[in-house]
Amino acid sequence: MPSDTSTPLIPPTTGYRALLRNREFAGLYAGLTLTVAASTLSGFALGTLVDRQTRSPFLTAVSMYGATFATVLGALTLMSVADGSRPRRTLLSLQCVALAGAAAQAVPGLPLAARFGLLLVVGFFQSLETGTRMGLLAEVIPNSAYAPARSLMNITSGGTAVLGYAVGAVLLRHLSPREVFVVATALTGAGLVVVAATIRERSIRLTRRPGLRQTWTTNIALFSRSGRRALLLNLWVPNGLIVGCEALFISYDPDLASVLLAAGSAGMLLGDLTVGRLLTADRRRRCAFALRLLLAVPYLLFAVHPPVPVVTAAVFVAGAGFAATLPLQEQLLALTPDPVRGQVQGVESAGRMTWQGIGAAVAGGVAQYLTPGTAIAALAATSVAVTVFSRPFVARARHDDFMSGGFMSGGRAEPGPGV
């Protein structure tokens with residue numbers, strides 16, 4: 001339940017309209033949407049810039065997802081700030097850092113080395129921002145509304161990415177990448193203003209001082225059980241490998257890249273809408289394994305270089321498989337005591353983003369020696385293998401963790417849906 005009892009409760013049978021009537025959720029939602037729009041435009045512009053200057057699949061892939069490499073540093077060092085006593089102030093401060101990073105990318109003549117350095121700095125603070133935002137989300141809505149809330153956020157993120165890639169492709173026909181960075185900076189600033197105007201400070205938080213020691217204490221407890229480790233790895237590795245496939249779209253076909261990226265985002269939107277809004281928690285649990293397979297199998301077609309309509313349809317269908325993240329996140333939330341929800345969700349998000357960067361780097365490295373299409377198929381096959389071989393461990397995660405009585409002394413975790 002939310003820690004602030006003055007927050008209006010939302011009925012258990014939560015619809016999207018009911019969620020948006022909650023002013024603070026609407027603020028978090030709008031702020032995230034603007035942030036996604038900014039990062040989509042910025043990432044596409046930087047990837048295009050790097051491709052034009054280097055013609056390197058590896059550098060192009062890393063430039064699009066390079067910020068994710070630094071998120072793991074945030075998860076390992078200062079993620080406990082996500083559960084600090086002043087989360088609103090923390091979130092606004094971190095969004096100011098993101099604004100400064102976006103503005104710096106728009107500086108004329110900035111060397112590529114400096115641009116990659118900015119990616120790492122922004123990625124570090126982005127992981128803390130995500131943890132803080134998700135910790136606030138768990139407070140402004142009841143537990144019963146968590147899956148629909150995350151679904152709505154994911155749907156909008158997917159839709160925003162579709163528009164972002166489409167708009168980015170149009171803008172880059174008429175503007176330089178630097179000018180697109182200026183647009184991204186404006187969107188980042190708008191997200192900062194929205195959060196400042198809608199979110200209240202929360203007062204019921206941990207009294208322990210956040211820092212390196214507190215971060216490590218919680219992280220050690222989080223990874224102390226094999227079930228939780230398997231759950232987190234399934235949230236990270238298969239997704240990260242498929243994002244690596246997406247990072248090769250520009251190298252695969254520069255003219256088709258924006259269409260493929262938009263198709264994948266549209267598929268993700270449809271999958272999250274169907275799984276998060278129309279299915280019960282039990283049915284989400286039952287569909288999770290099939291969705292993780294759906295995420296990767298269509299990409300195997302890239303090995304034979306199918307026609308444009310076929311490859312576009314395959315990417316769209318595969319995008320729906322990202323909805324497997326929802327039941328896994330539900331299970332993780334159910335296993336997490338209230339006082340550390342921000343940090344745990346931040347670690348989950350940081351790990352997922354880090355694996356996106358790893359997937360992009362691996363994909364780019366493989367594509368240096370193989371064709372981009374072959375590299376995409378190889379990563380997809382690896383994703384399928386990870387999903388299949390880890391299935392028994394994920395299925396036991398619920399029993400391993402619930403029977404252990406929760407992983408923090410701050411409270412006993414309630415059992416969640418198994419996968």
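Computed from the coordinates by the stated procedures, all read-outs in this text should not be read as laboratory data. As the structure is a prediction and not an experimental result, all values here were calculated from the model. Don't worry about glycine lacking a Cβ; one is built from the backbone with ideal geometry, like all the others, and counts go over all protein chains shown.
How do 282, 51, 253, 272 line up, fewest other C-beta atoms within 10 Å first? Please list the in-between numbers first.
Details: 282 11, 51 20, 253 16, 272 26.
Going from least to most buried by this count: 282, 253, 51, 272.
Please compute the length gained on full extension between residue 85 and residue 233, using 0.36 nm multiplied by the number of residues separating them and subtracting their Cα-Cα distance.
On the way: separation 148, 0.36 × 148 = 53.28 nm, distance 2.99 nm.
This chain segment gains 50.3 nm when fully extended.
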Rounded Å value of the spacing that divides the Cα centres of the range 12-57 and the range 340-382: 19 Å
223, 58 arranged by Cβ crowding within 10 Å, fewest neighbours leading: 223, 58
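Pulled fully out, how much extra length does the chain show between residue 163 and residue 200, if you take 0.36 nm times their separation in residues and subtract their Cα-Cα distance?
Working: separation 37, 0.36 × 37 = 13.32 nm, distance 3.04 nm.
Computed gain between residue 163 and residue 200 is 10.3 nm.
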Neighbour-count ranking [beta-carbon atoms within 10 angstrom, fewest first] of 181, 116: 116, 181
For the range 16-402: relative contact order, % (alpha-carbon pairs under 8 angstrom, 6 or more apart): 30 percent
Dipole in debye (nearest 20) - the range 16-402, about Cα centre, beta carbon charges: Lys, Arg +1; Asp, Glu -1: 980 debye
As computed over the range 16-402, the Cα convex hull volume per residue (Å³): 124 Å³
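Full-extension gain between residue 96 and residue 114, please, as 0.36 nm times their residue separation minus the C-alpha to C-alpha distance.
Separation in residues times 0.36 nm, less the Cα-Cα distance, equals 4.5 nm.
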